[in-house]
Amino acid sequence: ADFDPKKKRKVAEIYQALNSDPVNVATLRRMAISEGGLLTNEIRREVWPKLLSVNTDDLPPLPARKELREDNKDFQQVLLDVRRSLRRFPPGMPDDQREGLQEELIDIILHVLQRNPQLHYYQGYHDIVVTFLLVVGDRLATALVEKLSTHHLRDFMDSTMDNTKHILNYLMPIIDQVNPEVHDFMQSAEVGTIFALSWLITWFGHVLSDFRHVVRLYDFFLACHPLMPIYFAAVIVLHREQEVLDCECDMASVHHLLSQIPQDLPYESLISKAGDLFVQFPPSELAKEAAQAAQAEQTAASTFKDFELASVQQRPDTVLRQRFRERLRGEERLRGEERTKSILTKPRTNRFVKLAVMGLTVALGAAALAMVKSALEWAPKFQLQIFP
C-alpha cells in the first residue's frame with residue numbers, strides 16, 4: 001500500500017516493536033488504539049496474536065471435520081447462523097470460495113466450544129469469529145478466538161444472559177456522566193439498553209457494513225479492557241444527542257432510532273472519546289450502580305487482572321491514560337477560561353464544578369463525576385429483532 005509519511009512512520013514503529021526482544025506489547029497497544037489503528041490486515045496478522053498473548057509458533061492442528069460435527073449439540077444452530085452470514089463476506093467473492101470459508105467458520109466455532117465445555121454458543125458469536133477468519137485465516141483464527149472467548153467474550157458465553165445484562169447496565173451510567181439530559185430523556189422513554197445488545201456481543205461486526213470499520217474497532221478493542229465496547233456504545237449514543245432529543249419520548253421511537261446505527265460515524269474521534277471516558281470513569285467507579293458486587297465478580301472485567309498477569313506486559317489502560325494526559329495538557333493551555341465559564345453555566349453545576357477542580361476536560365465537554373444511585377433495570381421484555 002502507498003502510505004503517506006505519517007503512516008510509514010507508524011508502520012516502521014510497529015515493526016520495530018514486533019522485532020524487539022521481548023516484543024514491545026505496550027507500543028503495539030498504543031499503535032492499535034491511535035489514529036488509523038493497525039492499518040493493514042498483513043500487520044494485524046502479526047500484531048493481534050501479540051495483543052492476545054497467543055504463541056503463533058505452537059498452534060494446535062485443527063481436528064477432522066467429520067468427528068467435530070458428529071453428535072455436536074451446537075452444530076445445527078451454528079450451521080443456521082453461518083448460512084445466514086452471507087453479507088459478512090466481501091462483495092463479489094466467488095461462491096465456492098465463500099462456501100469454503102463458511103465451512104471453516106463452522107469448524108472454528110465447534111472446535112473452540114469442544115475444547116472449552118464451560119463456554120456456551122450465542123447467536124452473534126459467528127460475527128466475531130468471521131472477522132478473525134477473514135483477517136488471519138482458519139488456524140490462527142482458532143487460537144485467537146479461543147483466547148478471546150475465555151477472556152474478553154467470556155461473559156457472553158455463560159449459560160445465562162445475566163453477565164451480558166450486567167455489562168449492558170454500564171451503558172446508562174456512562175451516558176449520565178457525560179450528558180445528563182440525554183440520560184434522563186432515555187430514562188423517561190424507558191428505552192432500556194437492549195438496542196445495544198447486538199453491538200456489544202458482536203463487537204459491532206453485525207451492524208457495520210464496511211469491513212474496514214469493523215477491523216479498525218477490533219484493533220481498538222483487542223488493545224483495551226474487555227468493557228471498552230460498552231464505552232464505545234455510549235459514545236455512539238452521545239454522538240447522536242440531537243437526534244435522540246428530537247425523537248418522540250417513547251420506548252418504540254427511541255429504540256427504533258438507536259438500533260439503526262449510522263454507517264458514516266466519525267470512527268477515529270469516537271474511539272478517542274471512548275478511550276478518554278474509560279480513563280475518567282473506569283469500570284471500578286461505575287460498578288456501584290451497574291450491579292451488585294457479587295454479580296460483578298463473575299464478569300470478564302474481574303478476570304482481566306489474570307489476563308494482564310498472563311501477558312506479563314504493560315496494562316493497556318496505561319496507554320490510554322498517557323494519551324489522555326497528553327491531550328489534557330494541550331487543552332488545559334487552550335481552554336482554561338472558556339472551560340470555567342461553560343462549566344458554571346451547565347445544568348447539575350455541582351457535578352461539573354467537582355470535575356473542574358480536578359482539571360479535567362475532554363473532547364465531549366466536561367463530564368460528570370457523581371454516581372447514579374441505583375443500577376439500571378434490565379430492559380422490559382418485549383419482542384425485538386435484535387438480529388435483523
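The values are calculated or read from the model by the stated rules, or taken from the named source; none is laboratory data. Quick caveat: nothing in here was measured; it's all calculated off a predicted structure. Ideal geometry is used to build each Cβ from the backbone, glycine not excepted, and the neighbour counts take in all protein chains shown. Protein only, heavy atoms only, side chains kept; ligands, DNA and RNA dropped before computing areas. Shrake-Rupley method; radii C 1.70, N 1.55, O 1.52, S 1.80 Å.
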Report summary line: Expected output for the range 23-40 (first residue over 18 Å from Lys7 (Cβ atoms), partner part of a helix (DSSP H, G or I) and small (Gly, Ala, Ser), Cβ below 6 Å, 6+ apart or cross-chain) is Asn24/Ala17
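Given the criterion within 13 Å of the chain's Cα centre (by Cα) and among the charged types (D, E, K, R), identify the matching residue among Arg216, Arg139. Lay out the reasoning, then the answer.
On the way: Arg139 fails: within 13 Å of the chain's Cα centre (by Cα).
Criteria check complete, one pass: Arg216.
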Requested in this report: Answer yes if at least one residue in the range 132-141 is in contact with a His (Cβ under 8 Å, 6 or more places away or on another chain), modelled with pLDDT under 95 and closer than 30 Å to Tyr15 by Cβ, and no otherwise.
Outcome: no
Requested in this report: Kindly provide the set of residues from the range 53-89 that are of a type outside the set (Ser, Thr, Tyr), assigned to a loop (DSSP other than H, G, I, E, B) and touching a helix residue (DSSP H, G or I) at 6+ places or on another chain (Cβ under 7 Å), ordered by number.
Outcome: Val54, Leu59, Leu62, Pro63, Asn72, Asp74, Phe89
Query raised in the report: (1) within 28 Å of the chain's Cα centre (by Cα); (2) at pLDDT 95 or above; (3) among the small types (Gly, Ala, Ser): which one isn't true of Ser85, the others all being true?
Result: (2)
Report task. Mind checking which helices (runs of 4 or more DSSP H) fall wholly inside the range 167-280 and carry at least 1 residues that are open to solvent by 30 Å² or more (accessible area, probe 1.4 Å)? Result -> 180-189, 211-222, 228-239, 241-246, 251-259, 267-280
Report task. Kindly list the number of the only condition in (1) out of contact with any Gly (no Cβ under 7 Å at 6 or more places or on another chain); (2) farther than 26 Å from Leu68 by Cβ; (3) at pLDDT below 95 that fails for Phe204. Result -> (3)
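Is it the case, given these coordinates, that Glu103 is farther than 25 Å from Ala223 by Cα and touching a residue at least 24 places away in the same chain (Cβ under 8 Å)?
On the way: farther than 25 Å from Ala223 by Cα: yes; touching a residue at least 24 places away in the same chain (Cβ under 8 Å): yes.
Considered against the rule, which asks whether it is farther than 25 Å from Ala223 by Cα and touching a residue at least 24 places away in the same chain (Cβ under 8 Å), Glu103 comes out as yes.
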Query - Any hit, the range 187-203, residues being among the polar types (S, T, N, Q), within 26 Å of Phe156 (Cα to Cα) and free of Cβ contacts under 8 Å to residues at least 40 places away in the same chain - result: yes
